[in-house]
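Student: After the structure tokens below, expect a handful of questions from me.
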Amino acid sequence: MTIARRYFGTDGVRGPFGGPVVNESFAARLGLAAGRWIGSEGLVLIGQDTRASGAALVAAVERGLVAAGMDVRRLGVLPAPAVARAVRLHNAVLGVVITASHNPAEDNGIKFFARGGLKLSDADEAAVESHLPPESRTIAPVEPSPALGALTDYVGSVSKLLPAGSLRGWSVVLDTANGATHATSPVVLRALGAEVTTLGNQPDGYNINLGLGSEHPGAMREAVKRVGARLGIAHDGDGDRCVVCDEQGGLLDGDEILTILALHALAKGRLAGGQLVVTQQSNLGVDAALKAAGGRVARTQVGDRYVMQRMLADGSNLGGESSGHIVCAEVAPTGDGLVAALRLIEVMIETGSPLSVLRKALHKFPQGTRAIRVASKPPLEGCRSVCAVVAALETELGDLGRVLVRYSGTEPKLRLLIEAGDDATVTRGLDRLEAAVRQDLNVL
């Protein structure tokens with residue numbers, strides 16, 4: 001059950017910079033609240049992506065943390081998973097990343113990592129909010145904290161996931177979305193011997209995710225076909241997710257990546273407990289593929305931190321989301337797009353198969369989604385028409401499909417998903433759901 005929070009969404013606090021939430025005053029108060037929540041002095045690490053607004057928010061969060069007695073170190077521009085790794089490596093009590101992930105440049109946000117590099121739970125975030133000082137509280141500026149280098153350590157560590165020189169003769173297209181991975185992922189791939197064609201590697205503070213990256217993979221796909229690359233890799237702004245394309249330019253989402261990784265690990269006896277952890281959003285074809293191979297799937301609510309929480313509870317070592325958040329727990333405590341890409345390449349090397357062949361392991365159920373903008377987010381259990389249609393659809397579909405209705409954690413949207421045996425059934429179901437939504441909710 002999700003615990004109600006006012007400011008935190010699916011992945012931290014996020015919104016337009018300078019708006020009612022993501023601004024310097026609130027960031028300072030949130031930093032103070034996080035320090036109060038920790039309850040004792042300790043090391044806190046702060047990283048950021050490439051947004052122009054990042055520096056101001058880093059300084060604001062820092063002064064709040066210092067006011068709470070924390071020992072703060074800046075990490076500079078660094079992928080979110082590298083910040084999580086640094087938190088674990090340096091035994092920090094808290095990690096902070098100033099990022100809005102795959103959102104456009106005008107947005108920004110704040111996400112936290114607890115000790116060990118794990119994301120905060122809903123209860124932790126609610127507790128942080130409970131320590132927020134009043135808006136009238138003024139927090140004095142402080143001198144910038146000393147820098148702590150973490151980039152070199154991250155690059156060196158991740159480079160060891162594959163044998164030295166293992167990518168000699170490989171051509172790879174890499175789209176870093178003008179974001180935090182522009183100085184890490186290309187370095188790692190080239191260190192392993194790959195010839196890398198880069199896209200989105202000239203950040204100017206305002207072009208992060210602009211027509212590129214995991215949300216806009218078209219340029220990557222075209223580049224792969226143009227240069228004859230073995231695969232393409234596209235990150236989001238803070239580097240905790242990736243999508244890939246095969247040598248023909250065909251796009252693979254997180255479900256396909258997870259299925260390939262899980263089936264290979266299962267065959268090698270390396271999938272802990274024979275279990276893959278995914279969210280409610282993942283296609284039912286993932287369950288079918290794992291079951292056929294003798295494995296199983298566990299599902300959580302949407303959000304990679306919920307995936308990690310289930311992985312820890314069950315002792316699983318692989319999980320993720322269809323959006324491209326892939327958690328390889330034996331390597332990283334959170335989703336890491338570069339680690340996921342290297343693990344996928346490892347499967348290609350060990351099997352000798354291209355991605356166009358490997359991806360055939362997943363046969364997706366027909367699926368349809370819609371996102372409906374809403375003025376407010378009342379509890380869905382109180383939406384009588386929606387609940388009635390969901391119940392009817394679930395009875396009609398049985399084990400051959402599923403229905404998912406949920407609010408977005410970061411946008412004013414209600415998301416609908418239906419899987420069924422054919423496209424016509426999916427479309428009819430979505431039409432019925434949308435009509436019910438319009439009866440129960442104020443649709444924008």
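Bear in mind that the values in this text are calculations on the coordinates, not laboratory data. In this text the structure is predicted, and so the values were computed from the model without any measurement. Cβ: placed from backbone, ideal geometry, glycine included. Neighbour counts: every protein chain shown.
Student: If the only charges are +1 at each Lys and Arg Cβ and -1 at each Asp and Glu Cβ, what is the size of the charge dipole of the stretch 126-194 around the Cα centre, to the nearest 20 debye?
Tutor: Working: 4 positive and 5 negative charges, 87 e Å.
So the magnitude is around 420 debye.
Student: When ranked by the protection proxy of mean other Cβ atoms within 10 Å per residue, highest first, what sequence do the peptides 279-287, 423-431 form? Numbers along the way, then the final one.
Tutor: On the way: 279-287: 21.1, 423-431: 16.1.
With the highest mean Cβ count within 10 Å placed first, the list reads 279-287, 423-431.
Student: Still on this model: Work out, in µm²/s and without decimals, the Stokes-Einstein translational diffusion coefficient of the stretch 253-343 at 25 °C, 0.890 mPa s, Rh from Kirkwood over C-alpha pairs. Don't skip to the answer; put the middle values down first.
Tutor: Details: Rh = 12.3 Å.
This corresponds to a translational diffusion coefficient of 199 µm²/s.
Student: What is the extension gain from Asn442 to Cys387, computed as 0.36 nm multiplied by their sequence separation minus the C-alpha to C-alpha distance, in nm to one decimal? Intermediate values should be presented prior to the final figure.
Tutor: Details: separation 55, 0.36 × 55 = 19.80 nm, distance 1.62 nm.
Working it through step by step, the gained length comes to 18.2 nm.
Student: Tell me which residues come under 5 Å, amide H to amide H, from Cys328 once H is placed; ignore anything under 5 positions away on its chain.
Tutor: Asp336
Student: Using the Karplus curve 6.51 cos²θ - 1.76 cosθ + 1.60 with θ = phi - 60°, what ³J(HN,Hα) values do you get for each residue of the stretch 176-188, in whole Hz, with x for Gly and Pro?
Tutor: 9, 6, 6, x, 5, 8, 5, 10, 10, 4, x, 5, 5
Student: Considering only DSSP beta bridges where both residues belong to the chain, give the percentage that are antiparallel (nearest 5). Intermediate results must be reported in sequence, preceding the final value.
Tutor: Numbers: 34 of 61 bridges.
That works out to approximately 55 percent antiparallel.
Student: Test of understanding: what is the full-extension gain from Ala140 to Ala272, defined as 0.36 nm times their sequence separation minus their Cα-Cα distance?
Tutor: Working: separation 132, 0.36 × 132 = 47.52 nm, distance 4.91 nm.
Fully extending the segment from Ala140 to Ala272 adds 42.6 nm.
Student: Also: How much of the DSSP bridge set in the stretch 273-425 is antiparallel, in percent, rounded to the nearest 5? Display every interim value, and only then the final one.
Tutor: Working: 16 of 22 bridges.
Close to 75 percent.
Student: Lys360: net charge of surrounding residues, Cβ under 15 Å, Lys/Arg +1, Asp/Glu -1, itself excluded? If you can, show how the numbers build up before the last one.
Tutor: Numbers: positive: Arg359, Lys364; negative: Asp246, Glu247, Asp253, Asp255, Glu256.
Counting the neighbours of Lys360, the net charge comes to -3.
Student: Would you mind telling me the antiparallel percentage of the DSSP bridges in the stretch 1-159, rounded to 5?
Tutor: On the way: 11 of 23 bridges.
In the stretch 1-159, DSSP labels about 50 percent of beta bridges as antiparallel.
Student: Note down the net charge around Arg270, summing +1 for each Lys or Arg and -1 for each Asp or Glu among other residues with Cβ under 12 Å from its Cβ.
Tutor: Neighbourhood net charge equals -1.
Student: Would you compute, from DSSP H runs of 4+ residues alone, the mean residue ellipticity of the chain at 222 nm, taking -39500 (n - 2.57) per run and dividing by the full residue count, rounded to the nearest 500?
Tutor: Working: 14 runs with 159 residues, N = 444.
Theoretical 222 nm ellipticity from helices: -11000 deg cm²/dmol.
Student: Rounding to the nearest 20 debye, state how big the charge dipole of the chain is about its Cα centre with +1 on each Lys and Arg Cβ and -1 on each Asp and Glu Cβ. It would help to have the intermediate numbers written out before the result.
Tutor: Details: 45 positive and 47 negative charges, 66 e Å.
Roughly 320 debye for the chain.
Student: Work out the charge dipole of the chain with +1 on the Cβ of Lys and Arg and -1 on the Cβ of Asp and Glu about the Cα centre, then indicate which of Val173, Pro163, Leu210 is farthest towards its positive end.
Tutor: Of the candidates, Pro163 comes out farthest on the positive side.
Student: Oh, and also: Please give, to one decimal in nm, the separation of the simple spin-label points placed at Glu346 and Asp399, each 7 Å out from Cα toward the Cβ.
Tutor: Result for the modelled spin labels: 3.4 nm.
Student: Have a look at Gly315, Gly35, Gly76 and tell me which one the Gaussian network model of the chain (Cα, springs below 10 Å) gives the largest fluctuation.
Tutor: In this elastic network of the chain, the residue with the biggest mean-square fluctuation among Gly315, Gly35, Gly76 is Gly315.
Student: Hey, of [x] 137; [y] 214; [z] 201, which did the structure itself give for volume of the Cα convex hull per residue in Å³ when calculated?
Tutor: [x]
Student: Sticking with this structure for a sec: Could you point to the residue in Gln367, Ala341, Cys383 farthest towards the positive end of the stretch 318-444's charge dipole, with +1 and -1 charges on the Cβ of Lys/Arg and Asp/Glu respectively?
Tutor: Cys383
Student: Taking the Cα centre as origin and putting +1 on Lys and Arg beta-carbons and -1 on Asp and Glu beta-carbons, what dipole magnitude results for the stretch 367-440, to the nearest 20 debye? Before the final figure, lay out the partial values.
Tutor: Values: 11 positive and 11 negative charges, 86 e Å.
So the magnitude is around 420 debye.
Student: I want the local charge near Asp246. Using Cβ-Cβ distances under 11 Å, sum +1 for each Lys or Arg and -1 for each Asp or Glu among the other residues.
Tutor: On the way: positive: Arg221, Lys225, Arg230, Arg359, Lys360; negative: Glu247, Glu256.
The answer is +3.
Student: Order 105-116, 356-367 from most to least packed using the mean count of other Cβ atoms within 10 Å. Show your work: numbers first, answer last.
Tutor: Details: 105-116: 22.3, 356-367: 17.2.
Going by the mean number of other Cβ atoms within 10 Å, highest first, we get 105-116, 356-367.
Student: Please name whichever of Ala60, His90, Ala229 sits farthest to the positive end of the charge dipole of the chain, dipole taken about the Cα centre and charges placed at Cβ: Lys and Arg +1, Asp and Glu -1.
Tutor: His90
Student: Amide H to amide H under 5 Å from Trp170: which residues, 5+ apart in sequence or cross-chain, H placed 1.01 Å off N in plane?
Tutor: HN-HN under 5 Å from Trp170: Glu195.
Student: Given springs between every Cα pair under 10 Å in a Gaussian network model of the chain, which of Pro141, Pro379, Pro16 has the largest fluctuation?
Tutor: Of Pro141, Pro379, Pro16, the most mobile in the Gaussian network model is Pro379.
Student: Tell me, what is the FRET efficiency for Ser157 and Asp204 to the nearest 0.05, using R0 = 41 angstrom and their Cβ-Cβ distance as r?
Tutor: On the way: r = 29 Å, r/R0 = 0.70.
According to the calculation, E is roughly 0.90.
Student: Given the options Asp122, Asp336, Asp255, state which has the largest fluctuation in a GNM of the chain using a 10 Å cut-off (strictly under) for Cα springs.
Tutor: Asp122
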